[in-house]
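The values are calculated or read from the model by the stated rules, or taken from the named source; none is laboratory data. Keep in mind the model is a prediction, meaning the values are calculated, not measured. Ideal geometry is used to build each Cβ from the backbone, glycine not excepted, and the neighbour counts take in all protein chains shown.
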Amino acid sequence: MGNSTEEIGIPLAVIAPCYNESQYLENFICEWSLALSEINHQFFLIDDGSTDNTESLIESISKKYPNLCYLKKSNSGHGLSCRFGYDYVLNLNKFSHILQIDSDGQCNPNYFFEFWELAKEHDCVFGIRQKRDDGWLRTLTSFFCTTLSSIICGKSLKDANVPYRLIKTCALQNALKKVPKDFIIQNVALTVALKSLRNVSFGYVPIHFKDRAAGSNSINIFDVTKLGIKMLFELSKLNLRNK
């Protein structure tokens, strides 16, 4: 696998938002550090205002993981934390690819090198959650997000809000110009914006999406309905003209 990094271009930035997941974080960082050991990368853990001992945990293990950058922000939710991470990394102006994953154990690193190989030929590589262990409500949420956003975009988005995605920096920069920074469901908006770009190609990896190993799932039917309506309205306002 070592040669593949030279063919694609390095280095790789990994963005992982987290919130009150301290009981699993060290395992998460360890397994992904091992998976990426052959790749020149930097890990950005975006702490979305955790109220547990996440900060002290990271401080205690930081010497073991020199590639880890810990960024703590006020609580704003998953989507805005992803956007915070994207903007932060893009401002550093030194990464060729950005990998977004979640820190709750649902994104299996065993799939990563399938993403990495497809990135030789595609600007964006997204996971497709063919099997899910995180419950029917999360599956329903994803279905609504993908269906509504595909209607707005006029293209099939496969799995619009999947949190396992590898994107070339240049494509990400152009797509984020179309997405307001305060757009709550950033993952979906980013998928739509990427699909609207001219000459941006997509590859897909079927994945098994595990149940959460940490954190809590607070979403309910009311949230799904409200977010769906809000997303439909906000997506309709995006500037999706080709660039």
Counting just the residues of segment 68-121 that are buried (at least 18 other Cβ atoms within 10 Å of the Cβ) and among the polar types (S, T, N, Q), which one comes out farthest from Ile46 (Cα to Cα)? Gln106
What single numbered condition from (1) more than 13 Å from the chain's Cα centre (by Cα); (2) at pLDDT 95 or above fails to hold for Asn67? (2)
Segment 41-64, residues that are of a type in the set (S, T, N, Q) and within 19 Å of the chain's Cα centre (by Cα): Gln42, Ser50
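Could you check segment 22-57 and list, in sequence order, the residues that are hydrophobic (A, V, I, L, M, F, W, C) and either exposed (fewer than 14 other Cβ atoms within 10 Å of the Cβ) or in a helix (DSSP H, G or I) (or both)?
Scanning segment 22-57 gives Leu25, Phe28, Ile29, Cys30, Trp32, Leu34, Ala35, Leu57.
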Of all residues in segment 157-179 being out of contact with any Leu (no Cβ under 8 Å at 6 or more places or on another chain) and not charged (D, E, K, R), the one that is farthest from Ile15 (Cα to Cα): Leu157
For segment 180-213: of the residues being small (Gly, Ala, Ser) and in a loop (DSSP other than H, G, I, E, B), which is surrounded by the fewest Cβ atoms within 10 Å (Cβ to Cβ)? Ser201
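Can you say whether Leu227 is in a helix (DSSP H, G or I), farther than 26 Å from Ser74 by Cβ and modelled with pLDDT under 85, as far as the supplied structure shows?
no
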Count - residues of segment 31-61 that are of a type outside the set (Phe, Trp, Tyr) and under 25 Å from Ser96 (Cβ atoms): 13
